[in-house]
Every structure is written in structure tokens, then in C-alpha cells.
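Only the coordinates and a few stated rules stand behind these numbers; no lab work does. All values reported here derive from a predicted model rather than from experimental measurement. With ideal geometry, Cβ positions are generated from the backbone for all residues, glycine too; neighbour counts draw on all protein chains shown.
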Amino acid sequence: MSDSLIDAIHYFRIPVTDLSESVTWYSECLNLKLKFNKEDFAVYELHSGPLLVLVEADKESRGHFFKNDQPEFSIGFTTSNIQEFYDYLVSQGVKVESIEEDAGHHFFHFYDPSGNKLQIHN
């Protein structure tokens with residue numbers, strides 16, 4: 001087969017420990033557009049790219065993995081104003097790490113209420 005039969009990524013699933021709390025946080029804190037909310041999962045539509053699906057999961061579940069015993073993010077978002085977004089998350093009491101720079105690329109990590117490590121970059 002010379003061409004892939006896969007066209008795109010349709011959605012990412014993130015395990016959350018309390019769906020109601022997470023829906024409120026992703027809707028109000030991150031201001032994401034809720035497409036629909038079912039009994040054990042909720043779907044968000046972003047400006048572009050795949051859907052983001054929150055799935056109520058076991059308390060120990062997280063949407064990141066570990067490398068050298070440190071959590072690594074699985075989902076990276078983009079923003080046009082990283083400093084404004086950073087300041088906003090801090091004002092909302094969100095756990096954030098410092099803004100870093102790598103060859104002109106700025107990014108930082110933050111955590112949702114379930115402890116999922118996420119990244120945003122510009």
C-alpha cells in the first residue's frame with residue numbers, strides 16, 4: 001500500500017476523575033466549546049483540529065505518561081498569546097509550570113482538575 005488509508009485524527013480522549021467538575025473547568029476556565037455532554041463522557045470542539053473527549057475514568061487514570069519518573073504531556077494546545085494565557089491560568093488558580101523557550105518556541109505545562117499534564121505553545 002503506497003498511501004495511508006488514515007486521513008486525520010478525529011478525537012483525543014482524556015480520562016478525568018470527576019466529569020462534572022472537568023466539564024465546568026474545560027468550559028469555563030479554558031473556554032472550550034462543549035459540543036455535547038453524555039452520562040460518562042463530554043465532547044469539545046476546538047477552532048481547528050480533532051475533537052477533545054473527556055471520559056470519566058478510574059481515580060488513578062491520567063492522560064499522560066512517565067519518562068524518567070516524570071510526567072510527560074500527551075496533548076499540546078496552541079495559543080497566539082502565551083503570556084496572556086499563562087497569566088490568566090495563574091489568576092484562575094490553575095497549577096502551571098514556568099514558561100520555557102527553546103529556539104524561539106515558547107511553551108509551558110499546566111494541569112487540569114484531574115491532574116492531567118497538558119502543554120500550550122505558540
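Observations, loosely collected:
- Helices in the chain, meaning DSSP H runs of at least 4 residues, each add -39500 (n - 2.57). Divided by all residues, the mean residue ellipticity at 222 nm is -3500 deg cm²/dmol.
- Amide H contacts of residue 106 (H built 1.01 Å from N, in plane; Pro and chain starts excluded): 122 sit under 5 Å, all sequence-distant by 5 or more or on other chains.
- Listing 91, 27 from fewest to most neighbouring C-beta atoms within 10 Å gives 91, 27.
- Under 5 Å from the amide H of residue 13 lie the amide H atoms of 53, each residue being 5 or more positions distant or on a separate chain, with H modelled from the backbone and absent for Pro and chain starts.
- Applying the Karplus relation 6.51 cos²θ - 1.76 cosθ + 1.60 with θ = phi - 60° to region 59-71 yields 3J(HN,Hα) values of 4, 8, 6, 9, x, 10, 10, 10, 9, 6, 6, 10, x Hz, where x marks Gly and Pro.
- Rounded to 5, percent antiparallel among DSSP beta bridges of region 1-56: 55
- Close amide H contacts of residue 78 (hydrogens built in the peptide plane, cut-off under 5 Å, sequence separation of 5 or more or a different chain): 121.
- Share, in percent, of DSSP beta bridges within region 11-121 that are antiparallel, nearest 5: 65
- For region 22-122, with +1 on Lys and Arg beta carbons and -1 on Asp and Glu, the positive-most of 43, 92, 61 along the dipole: 43
- In terms of surrounding Cβ atoms within a 10 Å radius of their Cβ, 54, 89 rank from fewest to most as 89, 54.
- For region 15-30, Karplus couplings with θ = phi - 60° (6.51, -1.76, 1.60), whole Hz, Gly/Pro x: x, 10, 8, 9, 4, 4, 4, 5, 4, 4, 5, 5, 6, 8, 6, 8
- Alpha carbon centroid spacing (whole Å) that separates region 1-24 from region 48-117: 15
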